[in-house]
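The values are calculated or read from the model by the stated rules, or taken from the named source; none is laboratory data. Remember, predicted model here, so these are calculated numbers, not experimental data. Counting neighbours? That spans all protein chains shown, and the Cβs are built from the backbone with ideal geometry, glycine included. We work out accessible area using only protein heavy atoms, side chains counted, and drop any ligands, DNA or RNA first. Shrake-Rupley method; radii C 1.70, N 1.55, O 1.52, S 1.80 Å.
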Amino acid sequence: MAQGVRTMSEIVLFKNIQKNGPELFPAGAAAIPACGYDDYVKNGGYQGARKALKMAPLEVQQVVKDSGLRGRGGAGFPTGMKWSFVPMDFKGQKYLICNCDEMEPGTFKDRALVYGDPHQLIESMIIAAYAMQMTQGFIFIRCEYRKGARILEQAAAEALNHGWLGKNIQSSGFDFHLDVHLSAGRYICGEETALLNSLEGKRANPRSKPPFPQVYGFLGSPTIVNNVETLCNLPHILARGAQWHKSLGLNGNAGTKIMGASGRVKNPGLWELPLGTPMREVLNEHAGGPSRGKSFKTVIPGGLSTPMMTPDQFDTPLDFDSVAKAGSRLGTACLIAFDEDDCMVAATANIMKFYMRESCGFCTPCREGIPWIYETVKAIAEGKGEEGDLAVLDDMARHIFHTFCAFAPGAQGPLLSAITTFRHEFEFLIQKSQCHTAGGAS
Ligand SMILES: Cc1cc2nc3c(=O)[nH]c(=O)nc-3n(C[C@H](O)[C@H](O)[C@H](O)COP(=O)(O)O)c2cc1C
């Protein structure tokens, strides 16, 4: 896409990616050297926060509302509207929390933002905190991003030295203290209410909603939990205006989205693209098409917790409403691709194993149902399936996910779509005890 359209990734991140070659993140390494304070400022950093601090807090909220920004954590809830539920007249401590748990399989976009451009996230949090008059912030980061946590701590120390954190930032009269919290690690910790329990030192079970965190969150106080990518849009929206942000998307969508691809693609990676970019463009132009000379069989669009989509749906624009209309969810827009040699029964067993291991065990249908589903799908994949298994799986998949949080419905997405769209693969394995794909059910 044109250089001028990049927002979150334009300041430093993509320059560093280019410098370091196409391999973004070799396992365990911070391949992208983090951008320091001086570079960040030289490239236009902290201009958005400077502007925000001169406005009234409610004016900042209005700009964010007008920009059409929707949450990038998966659900796409309008950010400005979410902020407006925070009681501005609350006299006690209010909290801003950045959700950098990012344990969604196939999703690595927040990692790029944190490792490449930590000051952008700090500037974003200053803007959000000021808009809601929250004087304490936390970045909740998964323990596998230990290096990312160190990068953020280092950047926060620099920001403090330059008067962007702490008391009376930039002589504005506004205080903002920021702490980095390394999670002990669980997928459920990314769910915002489980995250709050975890941050309070409790077991990371989800809480019932209502009350919503905006009014009763961390330690019972008004709290906003926002995703890393959601927040990283803010400096650019403030610096260039709501209308500019609105104009970036396609087909009436606002803004850009960091989209990703992994699995059976030639060039796995991340690209900042207009919201509404067709899935086919991401798969073929940016990710280079299928990796082993085969055709794509299916794509899970939003990390793992979204229903599978088939090649006849690849023209779907990657935006919240279009993907929902196509029967799936945009989620994190980090696509996981499968090709014709992949056995979807084995893949489903693998997917359900993840959810079985990560269930927090709080709700009975999730705790008991997912292991049962995993064992059934695994037995089918191993050629030990029985007549009637599919009917029971159908029933379980539709009715078992009545739970407190969206974890189990997340597991339901890929499961239900697999047993519907690739039913013939399940039936073939049950009848013949072998997989009908060339790759086999390994
Ligand atoms: C099981 C589960 C895991 C989640 N993990 C994350 C995560 O790692 N990062 C994230 O931002 N949101 C995650 N979410 C969504 C959060 O609950 C919340 O909606 C999000 O942080 C809100 O941010 P946003 O409004 O900026 O999108 C998860 C939700 C569920 C149900």
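For Val345, the conditions (1) in contact with an Asp or Glu (Cβ under 8 Å, 6 or more places away or on another chain); (2) closer than 30 Å to Leu69 by Cβ; (3) in a helix (DSSP H, G or I) are fulfilled apart from (2). What number of residues within segment 108-132 satisfy the criterion of being of a type in the set (Val, Ile, Thr), at pLDDT 95 or above and within 25 Å of Gly303 (Cα to Cα)? Of the residues in segment 108-132, 0 are of a type in the set (Val, Ile, Thr), at pLDDT 95 or above and within 25 Å of Gly303 (Cα to Cα).
Taking residues in segment 188-200 that are more than 8 Å from the ligand (Cβ to nearest atom), and partners anywhere that are assigned to a loop (DSSP other than H, G, I, E, B) and aliphatic (A, V, I, L, M), the pairs with Cβ atoms closer than 8 Å and at least 6 places apart or on different chains are Asn197/Ala204; Ser198/Ala184; Ser198/Ala204. Note on segment 139-164: residues that are open to solvent by less than 20 Å² (accessible area, probe 1.4 Å), aliphatic (A, V, I, L, M) and in a helix (DSSP H, G or I) amount to 5.
Within segment 72-105, being basic (Lys, Arg) and near the ligand (Cβ under 10 Å from one of its atoms) holds for Arg72, Lys82. When you check Val215 against the structure, is it in a strand (DSSP E or B) and of a type in the set (A, V, I, L, M, F, W, C), yes or no? So Val215 does not fit the description; no. Of the candidates Gly80, Gly44, Gly48, Gly76, the single residue that is crowded, with 17+ Cβ neighbours inside 10 Å, modelled with pLDDT of 55 or more and assigned to a loop (DSSP other than H, G, I, E, B) is Gly76. Filtering segment 354-399 to residues that are outside any helix (DSSP H, G or I) and within 16 Å of the ligand (Cβ to nearest atom) leaves Ser359, Cys360, Gly361, Phe362, Cys363. Checked against the criteria, Thr332 counts as open to solvent by less than 20 Å² (accessible area, probe 1.4 Å) and either assigned to a helix (DSSP H, G or I) or under 30 Å from Arg207 (Cβ atoms) (or both).
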